[in-house]
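The values are calculated or read from the model by the stated rules, or taken from the named source; none is laboratory data. Computed from a predicted structure; not experimentally measured. When we count neighbours, we look across all protein chains shown, and the Cβ atoms used for this are built from the backbone with ideal geometry, even at glycine. With ligands, DNA and RNA removed, areas are computed over all heavy atoms of the protein, side chains included. Shrake-Rupley method; radii C 1.70, N 1.55, O 1.52, S 1.80 Å.
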Amino acid sequence: MQMPHVQDRMQKLVSLAKRRGFIFPSSEIYGGIANTWDYGPLGVALKNNVKQLWWNRFVHGRNDMVGMDAAIFMNPRVWEASGHVANFADARVDCKKCKSRFRADHLVEEATGKSVEGKTAEDLTQIIGVERIVCPSCGAHEFTEARNFNLLFETSIGKVEKDKSIVYLRGETAQGMFVNFKNVQQAMRLRLPFGMGQIGKAFRNEITPGNFTFRTLEFEQMEIEYFISPRDDWGKIFALWEKEMAAWLADLGISKKNIRVREHAQEELSHYSKKTIDFEYAFPFGWKELYGLAYRTDFDLQNHMRESGEDLRYTDPDTQEKYVPHVVEPTFGVDRTILMLLLEAYVEIEGGRTTTTESVKEEEVVLRLDKRVAPVKVAVLPLSKKEPLAQKARELAQMLRGYLAVQYDETGSIGKRYRRQDEIGTPYCVTVDFDSLEDDKVTVRDRDTMAQERVAIEDTKNYFKENFGMFH
Ligand code: GAP
């Protein structure tokens, strides 16, 4: 059971996300569509900043990594070879009375509080019977047997019925990297070990209890396939990637107490994995998977080699020995990263904060987002919208726009404008006041420390360059 205050926290975040242009329910004017969300102007900026940071760190920042951007559509044989057509499934049950559909494992876990990871559809049917679990929607205990449903979305290419052939929307970005292993290795003349990084959409036909963007039908992944020799100590490389993933989270400022690492039990492992750990985050609705790290062995390359008939072996340039590389795979969900960042950053200040210009009495929300990912970096606020003050402020905003994301706001009291910026996590507010007309200086206010500094307009560019480390 979720505690009321937990619901409250999520509801507040969902409401803020919509009200301030981060995340909207998809196709809302038509009543929406389950488990699908749209990123608004601030959401897309936040997401792009996170992806850029990840790319800079894991692709540009390493001499053993290269980037990729594979197509979403692939030859359907890819998904047969990868095992997804046969194995990528969830067990589901229907309530015979009210026709609601549930993931069987989620239904049991919600009702019993116990993990049933790795249980088969038959096991779950039995548990539902023994525990006399009832439908959360109507209270009846009249479920169908649990049956496996494949998570891959099917669509078709071809215009007329007889020419149509089934294709899948990719269920993970990883396969685009496996099938390009030889292309990339040869084109870039890479020696093992090396990795490919890719950011892109993946699609899964999920039914979910609706925890905002946590589990959606389409989502983005930032994935790395790290290719190693079968002679390498995979355990050591796995441990190094575990450290890298933890360091990424620490760099984003995520509280240690909200992260834990959980190793999958044998029966819970995906069809391709020999060892998997999940980085879990303490979401308001419980500890849930944030990221994964898996040792996929040579499972994928062997399967693609067998099914395609192509030789995907790597030739050791020193010994001329040929072998199929093994893979360690760190995978990061973009949308779960965004949800985590918003939850971590969301702070309510009872009674508000006192600014030097206005005392704020009611509750105030501050999003303490990392400066590098904040969607708006600087807000330019003229103390009055009268000329020539507003003109001076507009000119400053336009100058800064060449370097970073700027919002110009002249409406409402200055205190209200500060609060609007705090609520979207803008790290700096720049106020252009009447003195600015005389001394060509502005007041820069720091979101977190509330410290105010007088800075010459001509120095603002360098001031922010220093504070952000680089321009985003
Ligand atoms: N290539 C390995 C792979 O896809 P996964 O654990 O199934 O592994 C990786 O997915 C990550 O993608 C997860 O850790 C999670 O962050 C994200 N993810 C998976 N399914 C998701 C969904 N339905 N909605 C949002 N994010 C999802």
Protection proxy ranking, peptides 56-65, 80-89, 190-199, average beta carbon neighbours within 10 Å, highest first: 190-199, 80-89, 56-65
Rounded FRET efficiency, nearest 0.05, which uses the C-beta distance separating Arg401 from Glu206 and R0 of 30 Å: 0.15
Dipole magnitude of the chain, debye to nearest 20 (Cβ charges: Lys/Arg +1, Asp/Glu -1, about Cα centre): 580 debye
Segment 68-79 - phi-based ³J(HN,Hα) in whole Hz, Karplus 6.51/-1.76/1.60, Gly and Pro as x: 8, 8, 7, 5, 6, 7, 9, 3, x, 5, 4, 7
Centre separation in Å (Cα based) which lies between segment 226-288 and segment 77-116: 23 Å
Residues of type lysines that Lys322 reaches as a straight line, Cα spacing below 19 Å, ignoring anything fewer than 8 places off in the same chain: Lys182
Inter-label distance for Ser137 and Ala239, nm, one decimal - labels placed 7 Å from Cα along Cα-to-Cβ: 4.9 nm
Kyte-Doolittle mean at least -1.0 and Cα axial length at least 24 Å: DSSP H helices in the chain: 234-251
Rg/Rh (Cα only; Kirkwood hydrodynamic radius) as it applies to segment 76-117: 1.17
Additional length obtainable on full extension of the chain from Asn87 to Arg19, 0.36 nm per residue less Cα span: 20.4 nm
For the chain, with +1 on Lys and Arg beta carbons and -1 on Asp and Glu, the positive-most of Ala397, Thr426, Thr155 along the dipole: Ala397
Derived scalar couplings ³J(HN,Hα) [segment 268-278; Karplus, 6.51 cos²θ - 1.76 cosθ + 1.60; whole Hz; x for Gly, Pro]: 8, 4, 5, 4, 9, 10, 9, 8, 9, 10, 10
Cross-link partners of Lys465 among aspartates and glutamates (Cα-Cα below 16 Å; sequence separation of 8 or more within a chain): Asp370, Asp446, Glu453
Unpaired by the 4.7 Å Cβ criterion, cysteines found in the chain: Cys429
Carbon/sulfur fraction of accessible area - the chain, other protein chains in place, 1.4 Å, %: 49 percent
Length gained when the stretch Ser27-Arg368 is fully extended (0.36 nm per residue, less Cα-Cα span): 119.8 nm
Estimated Rh, the chain: Kirkwood, alpha-carbon pairs, angstrom: 25.2 Å
Residue pairs, from the table Lys256/Lys288; Lys51/Lys159; Lys18/Lys441; Lys201/Lys257; Lys18/Lys257; Lys371/Lys461, whose Cα atoms sit over 26 Å apart: Lys51/Lys159; Lys18/Lys441; Lys201/Lys257; Lys18/Lys257
Residues Val160 and Arg313, FRET efficiency given R0 of 45 Å [Cβ-Cβ distance, rounded to 0.05]: 0.65
